[in-house]
Each structure stands twice: as C-alpha cells, then as structure tokens.
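This report refers to the structure that appears directly beneath it.
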Amino acid sequence: MIHTRSLLLLLVVFTLMPTSLLAKKKPNVIIFFADDISARELPIYGSSVWSKPPQGGNTSDPQYRASTPVLDKMANQGVVIKDAWSATICMPARAMMMSGRYAHLHKWWHNKDKGKYTNESGKKESVPVYISSPHTIAHVAKAGGYASIWAGKTQMGGVNQFGFDEGVFTPGGQTQRECLKNKYTDFKIVQKKVNGKRVLINEDTGDEVNYYQQFGWYWKPHVQLMNHPDSKTKFEWWPNTPKSRKEYGLHTYGPDVELDFVFDFMDRKHKQEEPFFVYHTTHLGHDGWDFFSSDINKETRNKWPATPKVKWENNKYTRTQPKITGDNGDYNTHGTISEPGIHSHINYIDYQVWLYMQKLEEMGEANNTVFIFCADNGTSGYGKNSPAVQKGVHVPMIIYAPCLDMTKEGMQDIVANTADIYSTVAEVMGVQIPDSYEVNGVSLIPYLTTNKKEHRQWVYSYHQDKQLIRGKYVLIDGVGRTYDVTAQPDDLISYPQITDWSKFSENHMNENKKLQKILPRFNVHDIEHGEPKGGFKTPEPLRKL
C-alpha cells in the first residue's frame, strides 16, 4: 500500500513539474554542416591524398594537410562513420538533410534541375522543399519542443517557411535584388549591363571579372537576421546597431558573426530552460572570391580565401585578431590571416568546433548535447558534382554525444547517409514521423546505443538523373560502373572495377542483384520529375513519442 502511494505521489509531482524543468532534460542538438568537403580532407579518415591550394587537385604534401585535433578527439570519443554519403552537389544535398528524403520525393535533382509545381497563383515554378517535404527538420524540432536557429548558408529561398524560430544568414538564398539593398559592404560580384551585354563586376574595384555572381560571405560579409528579438523587422541586415556598425569592417569575418549569433541564441534559450536545436550550415569549405588578392586570373587565383589565423597549442586554440587595411582591391593583411586553401578552412572549422565545446562546458550543457559534424558533398576540384565512384558523395560524419551512452567508439565500418541525420534527430528529440509520410533516412540511434553490428545494408545517392548505390561488397556509381568495395584503398577512391564477375565471390553477385532491384524505386527523374499526380498532399502531423 505504501509502495502504491509513493508511486502515485511521484506521478503527481512529475505531472505538476514545470515544463521548463522537463524540457531541460532533453538533449540539445547541434548540426555543423560544412560546405564542399570530402572525407579525404580530414586526417581522421587516413587518406594518402588531399586537396591543394590555390585551385585544388591532388596532393600528399603535409604542408597542405588540415590539422583537426578537436574533431579527431570527438571522433575517437564519439564515432566517425567510415562511408557516409550525401548528394554530389549543394542544393540536392541540403534538400536531403532538411527533409530526410531523396530526390524522388523532395524533387531537387541538381542545382539547376528542380521539379516544378503549380503554386497558389496557378503559376508553374520550382517546387520549394517545404512544399514537397513539409515535415522539415525544423518542424521536427518544433514538435519536440525545441527552440531552433538556422545559421549560415541557406541556398534555399523562403527561409521563413522552413519552421526555424530564428536565423542568421550569409548569402546563399537571398536574391540579387535583396542583396543589393545591403549598403554596408561592396564585397559583391554583381551582374550589370555594359554596352548592352551582361557582365559580372567586382563592385569593390569596378573591374569586370570571370566568375559567378556572389555576395561576399567571408570578409566584410553580407549578414541578414531573421526574427532576432532585438530586430525591428522580421528580416534585418546586420550590422544593425551603432555599436555593430562602428565595429564592422574589412576585419569582420562572416563565420565569426554567425557563431556570435548562435551563441547569443544558445545563451537565451539556456536561461529560459528551453532545449535548443542549432542548424549551422557554414560556408567554410566552399570557394569564394578573394577580395584581398590582386590575382584575378582564372587559372591561378585562390579558390579558398584565407581565414583568420588560429593556432593549437597546449590543448587550446588562440586566434590572431585580423588587421586589414586598404580599399578598392589594394589590401594589406599585415600577416594576420592564414594562407589560402581548403586546409585553412578545415582548421578554422576545428577552431569553431572547439569554441562550441567551450561554450557548452561554460553553460553546463557539454554532457547534454548531441553534436553532429558532416558536409554536403565532395570537395570542389575533386569530388563536387561528380557521379564517378563515390568521389562526389563521400563526406565526413562525426557524432559526439556523451548524453546518449553510446556503445560504439571511434571509426565505424558502416555505411550511412546524411538523410539518416533527420531520423536520428527525430529519435533524439522524441518525435514520431507518421508511417504514411515516407522518410528515407534511418535513425543511427539503435546502432549507436546497442550491440547492433550493422546500421544499413546499403546506402543510396543521386546526381540529376543518375543514381549511386553501395553495400558491403559492391558499389554501382552514377556512370554505370561497378566496383569491389570490400577493402578501402589508401586514397579512399581507387576501388577495383568489376568487369569479370567470375573473379568475384557469390556475395558480390548476390549483393549486386539486390542493389539493382532497389534502384528502380527511386529512378523517377524522367517520369515524375516534379509534382506527382494529385499534387503534394498535406501529411499527418508529427507527434511526440
């Protein structure tokens, strides 16, 4: 009888407990989604080859090897996925992460190949992901009771339609018309008509350049806020206060600004005892116009502009405060920034991840946060936009989550997909996706927290109308070649091609047949490219478990 009363009392206390205390028990979730970085660029993957400055390509020169002590430690104490796949190029990869679905559902087949639908005005236009796949990862967070922020590159229009509470955006989704309204920076490559011909002009110098339209996201960046509590309007260009305008200048670095606003968001939500979801889609890893360099030659200019200098020493990072002077294309950086190259970008990512860990420690949330690091597609000049072998799709994936009591540690010889992150996050947040709403991601939680030896039997990706798939024995790439993947080569890519099946095992042949049977399910590029018959349906709602 006493035991029953005690249980009833506990039930009453739990029921009456403030929701803020209940929310605090939920783990925070941070996704750090890097741009154009192949798995081979991170030392933890052990590749014998990586990318070199200034234009990319292959090198084994140690001076161009990234240094990632923080990510290495997180990978060893958490897990690192040996063969994680994404899509081959930015927009489809971002659609997959946002929706947990492949292109047969979200309809973003390539950057310039998106399915059409009929909008509310009766016009045909490219279908937004929030229409084709309305249960976005932010809506999952909202259903789980999480506050959310989207920071960095979007590459998706209608950012206020995805379900995020707040945003701090550097260019990638804004139109030229929107960005031209920003008067704080002339670091822009814009389209103009000169003598009746459309050309690209560097607004900083007035020179015509051979590049692509770009609004600077690194130095002297374009930054737009969404729903910031101190903003006067829903969307507001930053700097937006007398203090920030005074401090803004050539030394202002876009990734730093993003992180400052992310930390401001985390602080506010921590004080309000709300669990938070950070979706940090950094530009770091992506190429960009080097406004500080006078070299504009297409063949020799820097693909990856320099970052602020950082140094790892005595188990901590120090950062040199940038000092940059000059104007109109003539600049002196006074030795305060790094050398250009993707290795410098990855070093700076490692520094920012260290800052995240310091911040979580300071907040007392280090053991109550799931931190996931990955990238959208392969490195520019190497894998990006390539359907060959797994060059374009093989990306790093590290999961660090002391709060999950993981049974796995270090390098995991499994296949996974960035779509799996969506399902993993849903499970962590305690959200159930309705069975009637197709999701292609598979939660990693059962694998990470039990004695399960396998996560997926196969992993899939796409490149416009081309498909890639691999299992334990066989990889079929986007150009129709088949490879033996039972042993990983030193460069992570030089798998033996299978041309004579008689030389390979029955396991190879059986798996090949199985993979070939899976592909038709997703191969609808030419038959259902956009809106399905009957249109996109309103799905059943998400609900808490």
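The values are calculated or read from the model by the stated rules, or taken from the named source; none is laboratory data. What you see is a predicted model, and the numbers here were worked out from it, not measured in a lab. A quick note on method: Cβ atoms are made from the backbone with ideal geometry, for glycine too, and the neighbour counts reach across all protein chains shown. Note: accessible area is taken over every heavy atom of the protein model, side chains too, but ligands, DNA and RNA are not part of it. Shrake-Rupley method; radii C 1.70, N 1.55, O 1.52, S 1.80 Å.
Below are the figures for this structure:
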| quantity | calculated |
| --- | --- |
| Complete set of residues in the stretch 415-433 that are open to solvent by 10 Å² or more (accessible area, probe 1.4 Å), assigned to a loop (DSSP other than H, G, I, E, B) and touching a strand residue (DSSP E or B) at 6+ places or on another chain (Cβ under 8 Å) | Gly430 |
| Residue within the stretch 382-405 that is open to solvent by less than 30 Å² (accessible area, probe 1.4 Å) and among the aromatic types (Phe, Trp, Tyr) present | no |
| Candidate set from the stretch 357-376 (those that are outside any strand (DSSP E or B) and out of contact with any helix residue (DSSP H, G or I) (no Cβ under 6 Å at 6 or more places or on another chain)); member that is surrounded by the most Cβ atoms within 10 Å (Cβ to Cβ) | Glu365 |
| Total residues in the stretch 251-291, condition in contact with a helix residue (DSSP H, G or I) (Cβ under 7 Å, 6 or more places away or on another chain) and aliphatic (A, V, I, L, M) | 4 |
| Subset of the stretch 193-212 (residues that are loosely packed, with under 13 Cβ neighbours inside 10 Å, assigned to a loop (DSSP other than H, G, I, E, B) and in contact with a strand residue (DSSP E or B) (Cβ under 9 Å, 6 or more places away or on another chain)) | Asn210, Tyr212 |
| Among residues of the stretch 241-269, those that are polar (S, T, N, Q) and in a helix (DSSP H, G or I), counted | 1 |
| Residue in the stretch 144-160 that is in contact with a helix residue (DSSP H, G or I) (Cβ under 8 Å, 6 or more places away or on another chain), of a type in the set (D, E, K, R) and touching a residue at least 24 places away in the same chain (Cβ under 8 Å) present | no |
| Test result for Tyr348, within 21 Å of Asp264 (Cα to Cα), aromatic (Phe, Trp, Tyr) and either surrounded by fewer than 24 Cβ atoms within 10 Å (Cβ to Cβ) or in contact (Cβ under 8 Å) with a residue 60 or more places away in the chain (or both) | yes |
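Per-residue answers, yes or no, for (1) assigned to a helix (DSSP H, G or I); (2) surrounded by 21 or more Cβ atoms within 10 Å (Cβ to Cβ):
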{"residue": "Gln457", "(1), (2)": "no, no"}
{"residue": "Gly478", "(1), (2)": "no, yes"}
{"residue": "Ala487", "(1), (2)": "no, no"}
{"residue": "Asp491", "(1), (2)": "no, no"}
{"residue": "Met509", "(1), (2)": "yes, no"}
{"residue": "Lys514", "(1), (2)": "yes, no"}
{"residue": "Leu519", "(1), (2)": "yes, no"}
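Results for (1) under 30 Å from Pro43 (Cβ atoms); (2) under 25 Å from the mean Cα position of the chain (by Cα); (3) free of Cβ contacts under 8 Å to residues at least 12 places away in the same chain, shown as yes or no for each residue.
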site	(1), (2), (3)
Pro446	yes, yes, yes
Ile469	yes, yes, no
Lys472	yes, no, no
Asp477	yes, yes, no
Glu506	no, no, yes
Pro520	no, no, yes
